[in-house]
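J.: One structure follows; several queries about it will come next.
The values are calculated or read from the model by the stated rules, or taken from the named source; none is laboratory data. Computed from a prediction, not measured in an experiment: that's the story for all the values here. Glycine gets a Cβ as well: all are built from the backbone with ideal geometry, and neighbour counts include every protein chain shown.
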Amino acid sequence: MSHDASHGHELPFWRKYIFSVDHKVIGIQYAVTGLLFLFFGFCLMMLMRWQLAYPGQPLPFIGNLFSETAMIGGIMLPEFYNQLGAMHGTIMVFLGVVPLAVGGFGNFVLPLQIGAPDMAFPKLNMVSYWLYFTGGVLMFASFFVPGGAAQSGWTSYAPLSVIASSGQTWWLVGMAFLINSSLLGSINFIVTTVQLRAPGLSFSRLPFFVWSQFVTSFLLLLAFPPLMAAAVLQLMDRLAHTSFFMPSGLVVNGQVLEGFAGGGNAVLWQHLFWFLAHPEVYVLILPAMGIISEIIACNTRKPLYGYKALVWSVVFLGFMSFIVWAHHMYLTGMGPNLSAFFQVTTMIISIPSIVILTTLILSLWGGSIRFTTPMLFALAFLPMFGIGGLTGLPLGLNAADIHLHDTYYVIGHFHYVVAPGTIFALFAGIYHWFPKATGRQMNNFLGKLHFWPSFVLMNFIFMPMLIQGLAGVSRRLYDPMQYAHAQPTQPLNVFISISAWCLGLAQIPFIVNFFWSIFKGKKTDQNPWQATTLEWTAPSPPPHGNFVKEPVVYRGPYEYSVPGQKNDFWPQAMKENN
Amino acid sequence: MSEAGLIKHISHPHPVTGVTNSKLGVWCFLASEVMLFGGLFSAYILLRTGVTDWPRGHEILNVPLATLNTMVLITSSVTMVMAWASLQMKSLSKYRLYMTLTVLLGLAFLVVKAFEYGHKFEHHHFPSTDNFYATYFTLTGLHGLHVIGGIVVNLYFLLFGVKMWEKEPDQLAGRVEAAGLYWHFVDLVWIFLFPVLYLL
C-alpha cells in the first residue's frame with residue numbers, strides 16, 4: 001500500500017490533474033466545474049431579473065455588449081429571454097447542482113467514508129466526468145448557434161420544442177451526454193458502496209451521507225433512461241420528421257403545420273420527461289440531506305436522532321419518487337382518476353420527507369451546538385427546506401393546483417427547496433470538507449459574511465414569488481406588465497431583482513475565501529472538526545489510495561459524547577476506548 | 001496503473017455478495033437498459049392505443065427474413081456462452097473459435113437488417129412516413145446500435161484476450177461473462193421487438 005500511496009506522484013501532470021482516475025481529483029473537478037456552472041446559471045438569472053423589474057428599458061452598462069439577436073439597444077428580445085429561462089433551469093439542475101452534489105461530494109467523500117482506496121471503476125469515473133464536461137460545453141456553445149440556445153423551458157415541452165430553432169437539437173445532444181455521464185457515475189457509486197466497504201462497515205453502520213448517495217444513485221440509474229428514450233424520440237421528430245410528439249392537425253400561429261404525418265401524442269413527452277424529472281427532484285435534495293446529517297451530528301456533538309428512521313425514510317422516499325411524476329401534469333387533461341392516484345402518492349411521499357426533517361430538528365435537542373460556518377448553513381437548511389416542502393403540498397392537491405399551476409408560486413416553492421435548501425447544504429459541505437480536500441481551513445469570518453446576507457436575501461427573493469403566484473402571475477412571462485392582474489405585484493418584481501443582484505454580491509466573500517484559503521488558510525490536522533466517520537482518519541489531503549493503513553470499523557457512524565469515554569467523539573475506526 | 005492492485009474484487013468475487021465488481025456493474029447497467037427500452041415500449045403502447053388504425057406488422061414487414069435474423073441472434077447467444085465455457089475449461093483455442101463465431105453472427109444480423117432497411121427505403125418508406133415506420137426504425141435502429149456496441153466489445157476481447165489470459169485468466173473469464181450478459185440482453189430485446197413489430 002505504501003508503494004501505491006506514493007505512486008500518484010510519478011504520474012505526469014495531465015494524468016494526475018486533467019485525465020485523472022483518482023476519485024478525489026475527479027470529485028474536485030466535478031465540484032469546480034459545477035460551481036462555475038452554478039455561477040453562470042445565476043448570471044443568466046440576473047439578466048432576466050432586469051427585464052422583469054424594468055420591462056422594455058435598456059440594460060445599463062453591459063446592454064450594448066450583446067448581439068442584435070439578443071438585445072437591441074440594450075432592450076432584451078423575447079426570444080433571448082426565453083433562452084435565458086430555459087438555460088437557467090437546465091444549467092442549474094443538470095450542470096450545477098447535481099454534478100456538485102453527486103459528482104463532487106459523492107466522488108470525493110463516499111469512497112473515503114466507506115474506507116475504500118478508490119471507486120470500483122476509476123477509468124469509468126474519469127469517462128463520466130469528461131462526458132459531463134462535453135455535455136456542458138455543448139450546452140454553453142448552443143448560445144452561439146443560429147437562433148440561439150434552447151428556448152422551450154428546461155422541460156422542453158413538445159410540440160413547440162420540436163419546431164424550435166436548432167439550439168434545441170444541441171440541448172438534446174447535450175442531455176444525452178449528461179445522461180450517459182450520470183449512468184456511468186451511478187453504476188460506479190452502487191458497485192463501490194456494495195463491494196468496497198471497509199471490514200466491519202456493515203450497512204447499518206454506514207454514515208447517512210453514504211445512504212443518501214446510494215439511494216440517489218438508484219434514482220439516477222433507473223430514472224434517467226426514460227429521458228434518454230424521450231430525447232431519442234424528440235431528436236427523431238426534429239431531424240427525421242417522425243411524429244412521436246406531433247398530433248394530427250396541429251395549428252401553430254394560426255396556420256396548419258406542414259411536414260409532419262401526425263398521429264403522435266404531445267403528452268407522451270411530458271410523461272417520459274417527468275418520469276425522470278420527479279426522481280431528479282430527489283436527486284437534488286437527498287445528497288443535501290446527507291451532507292446536512294453529517295454536519296449536524298458533528299456540530300451538535302451527539303448522535304443523530306433516529307438513524308434507522310432516517311435510513312428507512314430515504315429508501316422509501318427513493319422508491320416512492322418513481323410513482324409521483326404525473327402530479328406535474330394535472331392540467332394536461334389526463335383525467336380525474338389518474339390525478340387522484342398521483343395526488344395520493346404525492347401525499348404519501350411527503351411523510352418520509354417530514355420524518356427526515358423532524359429527525360434532523362430533533363437531533364438538535366440537547367446538543368452542545370458549535371456554531372461553525374458549515375453548521376450555520378446546515379441550520380438554515382432546515383427551515384428553508386421546511387418552507388419549500390410545505391408550500392409543495394397545495395401543488396400536490398389537484399384542486400389547489402388548478403389555481404397555482406405554472407405560476408410564480410411554483411417557482412417560489414421549488415427554489416425554496418433547491419436554492420436556500422440544497423445550495424445551502426452544498427455550501428455547508430464545501431466549508432465542512434474543505435480541510436479534508438486541501439489540508440487548510442476556510443476563513444470563519446468571511447464564511448459568516450457569506451452566510452448572513454445570503455440567508456436574508458434568499459428569503460427576500462423567494463417569499464415575494466409565493467405572493468405573486470397566489471395573485472396568479474404566470475411563470476414564463478417575458479413582459480410582467482402584460483396582464484392587468486399581474487400589474488399590482490410589479491413593485492415586488494423590483495424588490496426581488498434588487499435582492500437577486502445583492503445576492504450575487506453576497507457571494508464575493510465566498511469566492512475570495514475559497515481561493516484565499518487554498519493558499520493561505522489555516523493548516524489543519526487530519527480531523528479538525530473532531531468527527532467520527534472514516535474520512536477523518538485519512539491524512540488531509542488524502543494521498544493516492546487514501547488511507548495509510550486499511551481502516552477497520554468497530555462501531556456506528558455517530559458515536560459522539562458516549563458516556564464513560566474521555567473524548568466526546570469515538571471514531572469508527574478506533575479499536576480501543578479513548 | 002496501480003488501481004488493479006489497490007481495488008478489491010476485480011477478479012475474485014466478494015465473499016458476501018458473491019459477485020465481482022464488473023458483474024455487479026453490468027447488472028446495474030442492464031437494469032438501466034431495461035428502463036430505456038421500457039420507456040420506448042411504453043411510448044409505443046401509448047401511440048398505438050391512441051389511434052384508431054395501426055398497420056399490421058406482418059403485412060408490410062418481411063417476417064421470414066426477421067425470423068432468420070432471430071435465429072442468427074439466438075445462435076450467437078449460444079456461441080457466446082460456449083466461448084465463456086471454453087475459458088472456464090481453460091481452452092483458449094476453443095474460446096477464440098466461439099468468440100469469432102459470435103462476432104460473425106452479430107455482423108450477419110446487421111447485414112440482414114441493412115437489407116431490410118434498404119428494401120424499405122426503395123419503396124419510399126421512411127421514419128417520417130407514419131408512426132408505425134417511425135417506431136419501427138427508431139426501435140430497431142437503437143437495437144442495432146446496441147448490437148454494434150456488443151460486437152465492438154466482443155472483438156476487443158477476441159483480439160486482446162490472449163494477453164489478458166496470460167496475465168490474469170480469471171479476470172478475462174469474468175469480463176467475457178459480463179460481456180455475455182450484455183449480449184444476451186441485446187438478444188432478449190430483439191425477442192421482444194420481433195413479435196411487437198413484425199407479428200402483432
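J.: Within the stretch A:1-90, considering only helices (runs of 4 or more DSSP H) that don't extend past its boundaries, which have at least 3 residues that are among the polar types (S, T, N, Q) and surrounded by 18 or more Cβ atoms within 10 Å (Cβ to Cβ)?
T.: Numbers: elements: A:2-7, A:23-53, A:78-90.
Output list reads A:23-53, A:78-90.
J.: On the given criteria, is B:Gly38 at pLDDT below 95 and either of a type in the set (Val, Ile, Thr) or closer than 25 Å to B:Ile148 by Cβ (or both)?
T.: The answer is no for B:Gly38.
J.: Which one of these does A:Lys549 not meet: (1) assigned to a loop (DSSP other than H, G, I, E, B); (2) buried (at least 21 other Cβ atoms within 10 Å of the Cβ); (3) of a type outside the set (Val, Ile, Thr)?
T.: Of everything listed in (1) assigned to a loop (DSSP other than H, G, I, E, B); (2) buried (at least 21 other Cβ atoms within 10 Å of the Cβ); (3) of a type outside the set (Val, Ile, Thr), A:Lys549 misses just condition (2).
J.: Identify all residues within the stretch B:39-57 that are within 7 Å of chain A (Cβ to nearest Cβ) and of a type in the set (Gly, Ala, Ser); write none if there are none.
T.: If the condition is that a residue be within 7 Å of chain A (Cβ to nearest Cβ) and of a type in the set (Gly, Ala, Ser), then B:Gly39, B:Ala43, B:Gly50 are the ones that fit.
J.: Mind checking which residues of the stretch A:193-209 are in a helix (DSSP H, G or I) and more than 10 Å from chain B (Cβ to nearest Cβ)?
T.: Listed by number, the residues that qualify are A:Thr193, A:Phe203, A:Ser204, A:Arg205, A:Phe208, A:Phe209.
J.: Now a separate question. Looking only at the stretch A:465-492, count every residue that is in a loop (DSSP other than H, G, I, E, B) and among the aliphatic types (A, V, I, L, M) and tell me the total.
T.: Quick first cut of the stretch A:465-492, residues in a loop (DSSP other than H, G, I, E, B) only: A:471-473, A:475-483.
Checking which are among the aliphatic types (A, V, I, L, M) leaves us with A:471, A:473, A:477, A:481.
The total comes to 4.
J.: Do the conditions hold for B:Ser76, that is, is it surrounded by 15 or more Cβ atoms within 10 Å (Cβ to Cβ) and not β-branched (Val, Ile, Thr)?
T.: Working: surrounded by 15 or more Cβ atoms within 10 Å (Cβ to Cβ): yes; not β-branched (Val, Ile, Thr): yes.
Judged against the criteria, B:Ser76 is a match.
J.: Still on this structure, please answer the following. Can you spot a residue in the stretch A:210-225 that is among the hydroxyl-bearing types (Ser, Thr, Tyr), in contact with a Pro (Cβ under 8 Å, 6 or more places away or on another chain) and in a helix (DSSP H, G or I)?
T.: Yes, the stretch A:210-225 contains a residue that is among the hydroxyl-bearing types (Ser, Thr, Tyr), in contact with a Pro (Cβ under 8 Å, 6 or more places away or on another chain) and in a helix (DSSP H, G or I).
J.: Now for a different question. Output the residue which, of all residues in the stretch A:369-406 that are not acidic (Asp, Glu) and not in a helix (DSSP H, G or I), is nearest to A:Val324 (Cα to Cα). Before you say what the answer is, go through the steps one by one.
T.: To start, the set of residues in the stretch A:369-406 that are not acidic (Asp, Glu) comprises A:369-400, A:402-405.
Narrowing the set further to residues that are not in a helix (DSSP H, G or I) leaves A:369-372, A:397, A:405.
Working: A:Ile369: 37, A:Arg370: 38, A:Phe371: 37, A:Thr372: 37, A:Leu397: 12, A:His405: 16 Å.
Only one residue fits best here, namely A:Leu397.
J.: Within the stretch B:9-27, can you find the residues that are at the interface with chain A (Cβ under 7 Å from one of its Cβ atoms) and in a loop (DSSP other than H, G, I, E, B)?
T.: B:His9, B:His14, B:Thr17
J.: Hey, any hits in the stretch B:81-89 for a residue that's away from chain A (no Cβ under 14 Å), closer than 30 Å to A:Asp237 by Cα, free of Cβ contacts under 8 Å to residues at least 12 places away in the same chain and assigned to a helix (DSSP H, G or I)?
T.: Looking through the stretch B:81-89, none of the residues is away from chain A (no Cβ under 14 Å), closer than 30 Å to A:Asp237 by Cα, free of Cβ contacts under 8 Å to residues at least 12 places away in the same chain and assigned to a helix (DSSP H, G or I).
J.: Tell me which residues, restricted to the stretch A:173-192, are surrounded by fewer than 21 Cβ atoms within 10 Å (Cβ to Cβ) and more than 12 Å from chain B (Cβ to nearest Cβ).
T.: A:Val173, A:Phe177
J.: Between B:Val186, B:Val152, which is closer than 25 Å to A:Leu235 by Cβ, surrounded by 15 or more Cβ atoms within 10 Å (Cβ to Cβ) and more than 14 Å from every other protein chain (Cβ to nearest Cβ)?
T.: None of the other options fit; the residue is B:Val186.
J.: Still on this structure, please answer the following. Go through the stretch A:110-162 and give me each residue that's in a helix (DSSP H, G or I), more than 21 Å from the chain's Cα centre (by Cα) and free of Cβ contacts under 8 Å to residues at least 24 places away in the same chain.
T.: Matches in the stretch A:110-162: A:Phe144 only.
J.: May I ask you to list pairs of residues, at least six apart or on different chains, whose Cβ atoms are under 6 Å apart, with the first in the stretch B:114-130 being within 13 Å of chain A (Cβ to nearest Cβ) and the second being crowded, with 17+ Cβ neighbours inside 10 Å?
T.: Listed by first residue and then by second, the contacts come to B:His125/B:Tyr133; B:Pro127/A:Thr242; B:Pro127/B:Tyr133; B:Pro127/B:Ala134; B:Pro127/B:Phe137; B:Ser128/A:His241; B:Ser128/A:Thr242; B:Asp130/A:Ala261.
J.: Which condition breaks for A:Asn527 when tested against (1) within 29 Å of A:Phe42 (Cβ to Cβ); (2) assigned to a loop (DSSP other than H, G, I, E, B); (3) among the polar types (S, T, N, Q)?
T.: It is condition (1) that A:Asn527 fails.
J.: Okay, moving on. Looking at (1) closer than 21 Å to B:Val152 by Cβ; (2) more than 19 Å from the chain's Cα centre (by Cα); (3) of a type in the set (A, V, I, L, M); (4) facing chain A (nearest Cβ under 9 Å), can you tell me which one B:Leu97 breaks?
T.: In the conditions (1) closer than 21 Å to B:Val152 by Cβ; (2) more than 19 Å from the chain's Cα centre (by Cα); (3) of a type in the set (A, V, I, L, M); (4) facing chain A (nearest Cβ under 9 Å), B:Leu97 misses (4) alone.
Listed here are the residues, each with its yes/no results for (1) more than 30 Å from A:Gly263 (Cα to Cα); (2) loosely packed, with under 13 Cβ neighbours inside 10 Å; (3) touching a His at 6+ places or on another chain (Cβ under 6 Å).
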site	(1), (2), (3)
B:Trp84	yes, no, no
B:Arg96	yes, no, no
B:Leu107	yes, no, no
B:Glu116	no, no, no
B:Phe137	no, no, no
B:Leu142	no, no, no
B:Lys167	yes, yes, no
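Results for (1) away from every other protein chain (no Cβ under 14 Å); (2) buried (at least 24 other Cβ atoms within 10 Å of the Cβ), shown as yes or no for each residue.
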site: A:Phe275; (1), (2): no, yes
site: A:Val281; (1), (2): yes, no
site: A:Met289; (1), (2): yes, yes
site: A:Trp312; (1), (2): yes, no
site: A:Thr358; (1), (2): yes, no
site: A:Ala378; (1), (2): yes, yes
site: A:Gly392; (1), (2): yes, no
